[in-house]
Structures are given as C-alpha cells and as structure tokens.
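Novice: Here it is: the structure, laid out below.
The values are calculated or read from the model by the stated rules, or taken from the named source; none is laboratory data. Computed from a predicted model, the values in this text were never measured in an experiment. Glycine also receives a Cβ, built like all others from the backbone with ideal geometry; neighbour counts cover every protein chain displayed.
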Amino acid sequence: MLDTRSLESIRAAMAAHGVNRLYLKALAPNDNSKNQPYLGGDFGVLNTIPSKSLVAGTTSSEHPETFFRAPLDLSWLGSDGSTRPAPEAKLILYPQYPEVRFSGYLTGVDKSHRPSDALGTTRTEGRVLLLGVTPDGRVIGAAARENTPLASECLALEGLESVGVFKRVPMGAVTARDERVRLLRALCDIANRGWIASRRLDSRGDSLDCRAPNCGGYTLEAELGITPNGTAAPDFLGWEVKQHGVGKLERPQDSPITLMTPEPNGGMYAQEGVLPFLERYGYPDKKGRADRLNFGGIYRNERVDRTTSLRMELQGYDLTTARITDSSGGICLVDPQDRTAALWKFDGLLAHWRKKHALAVYVPSESREAPQRQYRFGASVRLGTGTSFERFLSAIVDGAVYLDPAVKAEQYPERPVIKRRNQFRVKSSQIARLYHTLESVNACAAAG
C-alpha cells in the first residue's frame, strides 16, 4: 500500500517522474470527494499548482453562481511507483467567496491508483495530500489515510515553508532557504561583474547577441543560465526572475515594470480586428512619421484618456465587496457612446496571471549603448512571496496597475503591417501591492 511507504521513498518516486517541487496539505474533515478539498481562500493556488486553460461558467442552481474551472494534468502515484492519470481532475475557483476547491480527482482513475481511502467520502482528521509539480506543468499526487506511517511522518515534519494552505517539502537535502541563498549568491556574482554585453540564450543554451532596447531581462536570464522553454515554470531555483531598468543604480527612479502582455479577447478589438479598431480609435503618429496609425496612452480605472477618449472600467466586478460577480466580465476600454472598444476577460487574464509565481525576485538594471549595448545589475533586489489574482484586480481598481498599450499599423493604408503590445504595468514603488510579503535585501550581504 502507498500509505505504508516512507516519505523518502515517495520523494524518490516523485523525482523519478520529474517532480522538483513538492507540496503537503494536512486534510481537514471536510476535505473529501463530497465537499471538494479546500485549497485556498484566494486564487493564489494558481501560482503554485499549474493548471491548463481556464473556462468560465455559471452554476445551474436556483441561485446561479459564477465560477472558473481550471483542469489539471494530474496523475496519482501507485504503490509500485507507477502513475495513472486522473482525467477529470480540476481546480474550481469560486470568486464570490473567494475560494478554490479540488474536484474530479477520483473520476476515471484506475482502481489500482485511486486514493479513495484517503480522499473519498471519509471525514477523518490526520489524512494528508501530497502534490508534486514538474517543470513542464504536470502534477503527481499521493495521499495517505490517518494513522499510517506516511501520514504520521508527514504530519511530524517541522520548519517547512508555508505556501498558502500547503507546506513545501524539500526534494532531498536542499531546502527553500538553501535555494534562496543560492539565488542571492548568483545575483551578487552578476552584480559584481559590472558591465555585461547584451545577450540572450536560445532554446539550446547557445549565446546570441541581443541588440533590442529591451534586452536587459534576456541578459540577466543568460547570466543565470535560463533558457526559453515556453512553459510557466519558475526561472531559477523556484524563483521567477524579473529585471527592470533604472536610470542609475545608485539613484534608482520609480520605473515601470511590465507584469503581463495579454491580447484583448472581447470588444471591437477582438471581434472586428485590430485594423478596424485602429481606424476608429487610433491616431496619426505624434512624431510625424507618415503612413502610420498609433494607439497608446495610459489607462487607469475610471479615467478617460484625452487622446482616444476611451475610459477603463471593470465589468462584472463589485467594487464594494472586491469580488468578481460575472465570470464573462473583465477589464475593458469603453468609448463615449458606451461601446466596448476592447475587453480583457477575467478568464484570459487569470490564464496569464497564473504564470506569475509564488516567489519572485526583482532586479534593477542600468544600460548603456557605447561602445556596445551593455547592462549592469544591482545587488539591491526585492523578494516577493505569495501573489494572487485578487491582488492584481485590487491594484487595477486603485490605479496602481495600469494599461500601457503600444499598438500600431505601419505602411498604412496601402499595405498595413500590424504590431501589437498591450502591457499591464506597475511602478516599481507599487510592486508590494501584488505580494503578501515584499522584502528588500542586498544580495551580497544576505547571501553570506
């Protein structure tokens, strides 16, 4: 039986399936298949447990409630170390409470691997749930009943890092503290190198020149050995690495940080196309460049942009309770005739936000172009712990997070070439709004 095995043997089996992060939850009596195990009081679990594309929906009850469904690529670990898929496993996000529940995890699972004794209809205390996460977004699950060797060993663990409702179990001898120290030492080494030639790594890890103005992040990732992988996996030792430019490292100004760049999935922009959108709401290039239509500006909640006359607002969101009331709503730009010019639906924004990670480090950088494009990175960094989509929406409401679009049509109108970049940004002084904890540290002093 699985629950007679030791935690060490479970970790070894998890590692054999590619797991590099392991989370533990002590199950409460209501954590069962009937009530759906509780995984959090906000949507921060999306930044810990990877999921597939989110789907918005409404319950069919007498009093319909809005929700979001996030399928998981979950497999259950068996006593022989093999795994079997749980094809209906999903997270259910209820924004009106808010809370996240674990659902469908027993449906369609081979009987030999189905953890019914631990996660069925039982209401006993002392049970545990283990969820292992792989770099490519798979989840490997294991569970143990009360008063079993595995459950007892898990519940006796002390000094574990808390991640929402979970405790993070080290995969081997390396602890979360060790990973933090290694991260800070790496950033200290990079800071001590001074000016570094602008570069990036390709998917094979080969170094390439990077000449664009936004190569600071690529250069930092290259120095850390981070290669593009197209997944939402954390960048370095479980940490998301974010670089942001400043004028001078010695006197860093309040510079903007790009959080995400999702495309609208509603409104005229999505329904009729970018060019018709630009023709209605765009304007000639302000620098006098011919044959060009631009759409830009700074859009904050309930404010009108003077150039385009568009106003940002949240649809399907109750400002009083700070809750999503309509899963089909989102952040939109509305014109003076109350037509929706562009809409970023909540499900699409959630899908982008879940790529943020529970651990993030923000590193300042300074650039220069002579004798070639170079960057140097500061040792004074900020470590963010714990984030959630609710914090993002709250910062939108208050205007701390804003939309800074850069959409244009070149060679207009003969042969228009569309370029789009819709950026949700925040000033570096406001980044604390997005995290449960934000700590400023000197990487060289803290690394020891």
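Novice: So is GLY81 in a loop (DSSP other than H, G, I, E, B), touching a residue at least 40 places away in the same chain (Cβ under 8 Å) and surrounded by 15 or more Cβ atoms within 10 Å (Cβ to Cβ) or not?
Specialist: Answer is yes for this residue.
Every residue, every condition in (1) modelled with pLDDT of 95 or more; (2) over 18 Å from LYS25 (Cα atoms); (3) of a type in the set (A, V, I, L, M, F, W, C), yes or no:
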residue	(1), (2), (3)
PRO87	yes, yes, no
LEU91	yes, no, yes
PHE102	yes, no, yes
ARG123	no, no, no
LEU130	yes, no, yes
GLY137	no, yes, no
GLY141	yes, no, no
GLU158	no, no, no
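Novice: Let me ask something else about it. Which residues, taken from region 239-257, are polar (S, T, N, Q) and out of contact with any Leu (no Cβ under 9 Å at 6 or more places or on another chain)?
Specialist: GLN253, SER255 - these are the residues of region 239-257 that are polar (S, T, N, Q) and out of contact with any Leu (no Cβ under 9 Å at 6 or more places or on another chain).
Novice: Continuing with this model, one more query. With at pLDDT 95 or above and surrounded by 15 or more Cβ atoms within 10 Å (Cβ to Cβ) as the only criterion, which of ALA270, ALA233 stands out?
Specialist: ALA270
Novice: Here's another thing I want to ask about it. Would it be correct to say that ALA290 is under 22 Å from ILE49 (Cα atoms) and modelled with pLDDT under 95?
Specialist: no
Novice: Now a separate question. Which of the residues that make up region 98-140 are of a type in the set (A, V, I, L, M), under 13 Å from SER33 (Cβ atoms) and in a strand (DSSP E or B)?
Specialist: LEU129
Novice: Moving on to the next point. I'm trying to understand the selection: among the residues of region 256-267, which are within 15 Å of ALA341 (Cα to Cα) and buried (at least 17 other Cβ atoms within 10 Å of the Cβ)?
Specialist: PRO264, ASN265, GLY266, GLY267
Novice: Out of the residues in region 155-170 meeting the condition of being hydrophobic (A, V, I, L, M, F, W, C) and more than 22 Å from the chain's Cα centre (by Cα), tell me which one is surrounded by the fewest Cβ atoms within 10 Å (Cβ to Cβ).
Specialist: ALA156
Novice: Return the pairs, sorted by first residue and then second, in which the second residue is surrounded by fewer than 18 Cβ atoms within 10 Å (Cβ to Cβ) and of a type in the set (A, V, I, L, M), the first residue lies in region 23-36 and is in contact (Cβ under 8 Å) with a residue 60 or more places away in the chain and in the same structural domain as THR48 (by TED's automatic domain parsing), the beta carbons are less than 8 Å apart, and the residues are 6+ apart or on different chains.
Specialist: Every condition considered, the pairs that remain are LEU24/LEU157; LEU24/LEU160; ALA26/LEU155; SER33/LEU106; GLN36/ILE92.
Novice: Do we have PRO85 as of a type outside the set (Gly, Ala, Ser), assigned by TED's automatic domain parsing to the domain that holds GLY137, over 21 Å from the mean Cα position of the chain (by Cα) and farther than 18 Å from SER33 by Cβ here?
Specialist: Criteria not met by PRO85.
Novice: On the given criteria, is GLU369 among the acidic types (Asp, Glu) and under 30 Å from LEU237 (Cα atoms)?
Specialist: Judged against the criteria, GLU369 is not a match.
Novice: Let me ask another. Among the listed residues ALA56, ALA15, identify the single one that is in contact (Cβ under 8 Å) with a residue 60 or more places away in the chain, of a type outside the set (Asp, Glu) and not in a strand (DSSP E or B).
Specialist: ALA15
Novice: Which one of these is in contact (Cβ under 8 Å) with a residue 40 or more places away in the chain and over 17 Å from SER9 (Cβ atoms): ASP110, ASP136?
Specialist: ASP136
One line per residue, one yes/no per condition, for (1) surrounded by fewer than 14 Cβ atoms within 10 Å (Cβ to Cβ); (2) in contact with a helix residue (DSSP H, G or I) (Cβ under 9 Å, 6 or more places away or on another chain); (3) farther than 17 Å from LEU131 by Cβ:
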| residue | (1), (2), (3) |
| --- | --- |
| LEU39 | no, yes, no |
| LYS90 | no, no, no |
| THR107 | yes, no, yes |
| HIS113 | no, yes, no |
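Novice: Here's something else I'd like to know. Do we have any residue at all in region 71-82 that's within 17 Å of ASP347 (Cβ to Cβ) and modelled with pLDDT of 95 or more?
Specialist: Within region 71-82, one or more residues are within 17 Å of ASP347 (Cβ to Cβ) and modelled with pLDDT of 95 or more.
Novice: Report every pair of residues separated by at least 6 positions or lying on different chains whose Cβ atoms are under 8 Å apart, first residue within region 337-349 and among the charged types (D, E, K, R), second in a strand (DSSP E or B) and surrounded by fewer than 21 Cβ atoms within 10 Å (Cβ to Cβ).
Specialist: LYS345/GLY266; ASP347/VAL55
Novice: Being under 22 Å from the mean Cα position of the chain (by Cα), in the same structural domain as HIS352 (by TED's automatic domain parsing), part of a helix (DSSP H, G or I) and touching a residue at least 40 places away in the same chain (Cβ under 8 Å) is the requirement here; does THR258 meet it?
Specialist: So THR258 fails the test.
Novice: Looking only at residues that are in a loop (DSSP other than H, G, I, E, B) and in contact with a Ser or Thr (Cβ under 8 Å, 6 or more places away or on another chain) in region 60-72, which one is surrounded by the most Cβ atoms within 10 Å (Cβ to Cβ)?
Specialist: LEU72
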